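*Asks:* Here's a structure for you.
Computed from the coordinates by the stated procedures, all read-outs in this text should not be read as laboratory data. What you see is a predicted model; the values in this text were computed from it and never measured. Don't worry about glycine lacking a Cβ; one is built from the backbone with ideal geometry, like all the others, and counts go over all protein chains shown.
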Amino acid sequence: MNNLRSTLAIVWRIAIPYFRSEDKVAGRTLLAAVIAIELALVAIDVLVNQWQARFYNALQEYNWDSFIWEIGVFAVLATTFIVLAIYQLYLNQWLQIRWRRWMTETYLRHWLGNANHYRMQLKGDAADNPDQRIAEDVQLFVDRTLTITVGLLSSVVTLASFVVVLWGLSEAAPLTLFGTEYALPGYLVWAALLYAILGTVLTHWIGSPLVNLNFEQQRFEADFRFNLVRVRENSEQIALLRGEGAEQNLLSGRFGRVVNNWYQIMSRTKRLTALTSGYSQAAVIFPYVLVAPAYFAKKVQLGGMMQTASAFSSVQRALSFFISTYRTLAEWRSVVARLDGFEMSIESAKSLSTEPQTIDVVSHGGDSIELAQLLLKLPNGLPLIAADGFSLKSSERTLLTGPSGAGKSTLFRAIAGIWPFGIGAISVPAHAKLMMLPQRPYFPIGALKAAIVYPAAAEAFSAEQVKEALVAVGLPLLADRLDEDGHWNRMLSLGEQQRLGIARALLHAPQYLFLDEATASLDEPSEARLYRVIAERLPQTTVVSIGHRSTLHDFHDRKVELIRDGDRFALRPAAQAADAPAGGAE
């Protein structure tokens, strides 16, 4: 019971925001229409139940006129039912796509906003496949929530409507055993209730493991798919290392989890299907067995018997809602659990930037980036870099060096505002435009022009501007391919990708450009040419570079080094660092 309350609370928390959103009018209207049609369909079922009594009585009495009339009545009821069923499906699907669109956009906004996707990786939550949560689980949640909610409502209304009918029929067809009548008011209702309770208990007993099995199946499937994508993305390195055999073993092992869990689902589903199928088939004959003695004793007509069987079936079906939808409920609960975990991961990532002990990135009216009493930490809380009174002045070009593991890239991340671990303050000029170029730049799949000007829109720069930038960085052959679609991170060498990254910087002309070994894959003459291009075309840009080549010194005004200072590294001018004790972290 506690698990049920907890699940319903989570469902409410996930679902209700849509019906309070900017799309609430359309959402509420569509939901009300779907519910209203469902109630109308139940009303038609009641009318059809009453029709059955009249129709079969007409057959028993050989009443031709009544028979023809009832055929006409049924045609009207059936036509109305068909029209309502069609429009209920249409409106239900309309509601689903609107609801799913809103949830998808909301999750994307929260996941991508304020670098939460990156913070989730830092906390180790990204392994839970956010792509699956957004692409698949949102769709399943919307579909299953509507299906179960409308189905439950229909069952409740059906039960309330047909219990009255079945109670009255119990009086018309009294309980008869071996020719003796017994006064048991509403015995048909009690029989349906006991039958449903027995089936529900057995169904839950056999099927309850399916909730966890479905949860694990989705997780194993997502893990297998994710690793397939990783093989595709890293195919060159795998081929160079002749790692196909190792990847085959790794992928087979992950798929083995899919298969083993699936076998468990098969076994449990077989037992559950055996129960539910037998239960459903027995339910067909059960009401006839109950009423047959009264019928053969001529206490009730054929129409009454058929109406009783139909009403009993409706009551039993309503009471057996849990049984008939058990597999759907099991899948739904696992979807709810996964979305709940995804939301918790996002909230946990958000909390990293609001904790009291965190890095405060603020705007100020100066023209330099200032680091004040800054202590960067690793995710496990160990200190990494200490900096106080350090500044990056406007138009100055600084070269940052230091041993591997000293935290050079982490310092860039902190200045960009995405590294949450640490304390202190980083002051950035108001409205300053920062650009970070890593060693392996990112290019979205699509047209080359859009990939180069990312994250700006493709139309933000003219084709001539982009072609000019390509020529400047030494890629004139790409100038005629701006409209070509491709996976550029796979199609181009790392050196070509780094040149494109510099072209991106030339187009965006940031006030601060951070180069994290962004030209390390180029030979020294090519690297020197790119730095000269940056100096010529971005003379007012403050450039901060991470690099190890001595040839980079000629293109920077200042050299700063990270040196070991106790249990952390400290920023020191290069001349000062030369006199410091040796040491570093790998």
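*Asks:* Under 10 Å from the Cβ of G402, count the other residues' Cβ atoms, weight Lys and Arg +1, Asp and Glu -1, and hand me the total.
*Replies:* Result for the neighbourhood of G402: +2.
*Asks:* In addition: If amide H atoms are built 1.01 Å from N in the plane of the peptide, which residues on other chains or at least 5 residues away come under 5 Å of the amide H of F390?
*Replies:* The list, which skips near neighbours in sequence, is L371.
*Asks:* Could you work out the local net charge near Q498, counting Lys and Arg as +1, Asp and Glu as -1, over the other residues with Cβ closer than 10 Å to its Cβ?
*Replies:* Taking every Cβ under 10 Å from that of Q498, the sum is -1.
*Asks:* Between Q281 and H553, what is 0.36 nm times their sequence separation minus the Cα-Cα distance? Round to one decimal in nm. Before the final figure, lay out each step's value.
*Replies:* Working: separation 272, 0.36 × 272 = 97.92 nm, distance 8.44 nm.
Here the segment from Q281 to H553 would lengthen by 89.5 nm.
*Asks:* Take every Cα pair under 8 Å in the chain that's 6+ residues apart, average their separations, divide by the length, and report that relative contact order as a whole percent.
*Replies:* Relative contact order here is 14 percent.
*Asks:* Could you pull out every residue, at least 5 positions away or on a different chain, whose amide H is within less than 5 Å of the one on T358? Hs are placed 1.01 Å off N in the peptide plane, and Pro or chain starts have none.
*Replies:* The list, which skips near neighbours in sequence, is G424.
*Asks:* Among V46, G381, L140, pick out the residue whose Cα is farthest towards the positive end of the charge dipole of the chain, where Lys and Arg carry +1 and Asp and Glu carry -1 on C-beta, about the Cα centre.
*Replies:* V46
*Asks:* Under 1.5 on a/c is rounded, so check that first for the range 359-578, then, if it is not, pick prolate when a/b is larger than b/c and oblate when it is not; a ≥ b ≥ c are the square roots of the alpha carbon gyration tensor eigenvalues.
*Replies:* Here the range 359-578 falls in the prolate category.
*Asks:* Still on this model: How do the peptides 211-224, 410-423 rank, highest first, by the average count of neighbouring beta carbon atoms within 10 Å per residue? Please report the intermediate quantities before stating the final value.
*Replies:* Numbers: 211-224: 19.0, 410-423: 21.4.
Ranked by mean Cβ neighbours within 10 Å, highest first: 410-423, 211-224.
*Asks:* Using the Karplus equation 6.51 cos²θ - 1.76 cosθ + 1.60 (θ = phi - 60°), what ³J(HN,Hα) coupling, rounded to whole Hz, does each residue of the range 408-425 give in order, writing x for Gly and Pro?
*Replies:* Taking θ as phi minus 60°, the curve returns 4, 5, 5, 4, 4, 4, 5, 5, 6, x, 10, 9, x, 8, x, 9, x, 9 Hz for the range 408-425.
*Asks:* Ok, one more. What's the magnitude of the charge dipole for the chain around its Cα centre, counting Lys and Arg as +1 and Asp and Glu as -1 at the beta-carbon? Answer in Debye, nearest 20.
*Replies:* 900
*Asks:* Still on this structure: Output wanted: per-residue J couplings in Hz (rounded whole) for the range 499-515, from phi through Karplus 6.51 cos²θ - 1.76 cosθ + 1.60, θ = phi - 60°, x for Gly and Pro.
*Replies:* 3J(HN,Hα) across the range 499-515, in whole Hz: 4, 4, x, 5, 4, 4, 5, 4, 6, 7, 6, x, 6, 10, 10, 10, 10.
*Asks:* From the phi angles alone, apply the Karplus equation (6.51, -1.76, 1.60; θ = phi - 60°) to the range 443-457 and give each ³J(HN,Hα) in whole Hz, x where the residue is Gly or Pro.
*Replies:* 10, x, 5, x, 5, 4, 4, 4, 5, 6, 7, 3, x, 6, 5
*Asks:* Under the classification rounded if a/c is under 1.5, otherwise prolate if a/b is larger than b/c and oblate if not, where does the range 238-355 fall, given a ≥ b ≥ c as square roots of the Cα gyration tensor eigenvalues?
*Replies:* Cα axes put the range 238-355 in the oblate bin.
*Asks:* Ignoring everything except DSSP H segments at least 4 long, calculate the 222 nm mean residue ellipticity for the chain; use -39,500 (n - 2.57) per segment, divide by total residues, nearest 500. Please list the in-between numbers first.
*Replies:* Working: 19 runs with 358 residues, N = 586.
So the calculated ellipticity at 222 nm is -21000 deg cm²/dmol.
*Asks:* Now, a different point. Using only alpha carbon pairs under 8 Å that are at least six residues apart, calculate the relative contact order of the range 502-566 and give it in whole percent. Spell out each step's value before the answer.
*Replies:* Values: 41 pairs, mean separation 26.9, N = 65.
For the range 502-566, the relative contact order is 41 percent.
*Asks:* Taking the Cβ of N49 as the centre, find all other residues whose Cβ is under 14 Å away and add up their charges (Lys, Arg: +1; Asp, Glu: -1). Working shown, then result.
*Replies:* Details: positive: R54, R317; negative: D45, E70.
That works out to 0.
*Asks:* Order the peptides 62-72, 340-350, 136-146 from the highest to the lowest mean number of other Cβ atoms within 10 Å of their residues. Mind showing how you got there, number by number?
*Replies:* Working: 62-72: 12.1, 340-350: 17.5, 136-146: 19.8.
Most protected by this proxy first, the peptides run 136-146, 340-350, 62-72.
*Asks:* A further question on this structure: Across bins of 10 angstrom width beginning at 0, how are the C-alpha pair distances of the range 2-351 distributed, in whole percent?
*Replies:* Histogram of Cα-Cα distances, whole percents per bin: 5, 18, 24, 22, 15, 9, 5, 2, 0.
*Asks:* If you don't mind, another one. Taking Cα atoms, how many degrees apart are the long axis of helix 302-319 and the longest axis of the chain, rounded to 10 and kept between 0 and 90?
*Replies:* Here the helix axis deviates by roughly 30 degrees.
*Asks:* Hey, if you put +1 on the Cβ of every Lys and Arg and -1 on every Asp and Glu Cβ in the chain, which of G256, V453, L434 ends up farthest toward the positive end of that dipole?
*Replies:* About the Cα centre, the residue reaching furthest to the positive side is G256.
*Asks:* Which of the peptides 305-318, 41-54 is most tightly packed, and how do the rest follow, going by the mean number of other Cβ atoms within 10 Å of each residue?
*Replies:* On the way: 305-318: 24.2, 41-54: 18.4.
Output ranking for 305-318, 41-54: 305-318, 41-54.
*Asks:* Right, next: If you fit an axis through the alpha-carbon atoms of helix 187-207 and take the longest principal axis of the Cα set of the chain, what angle between them do you get, 0 to 90°, nearest 10?
*Replies:* Relative to the chain, helix 187-207 is tipped by roughly 30 degrees.
*Asks:* May I pose another question? S545's amide H: which non-local residues (gap 5+, or another chain) put their own amide H closer than 5 Å, with H modeled 1.01 Å from N in plane and none for Pro or chain starts?
*Replies:* Answer set, sorted by chain and number: T398, L399, L400, L515.
*Asks:* Once the dipole of the chain is set up with Lys and Arg at +1 and Asp and Glu at -1 on Cβ about the Cα centre, which of G341, L202, T104 lies farthest towards its positive end?
*Replies:* About the Cα centre, the residue reaching furthest to the positive side is L202.
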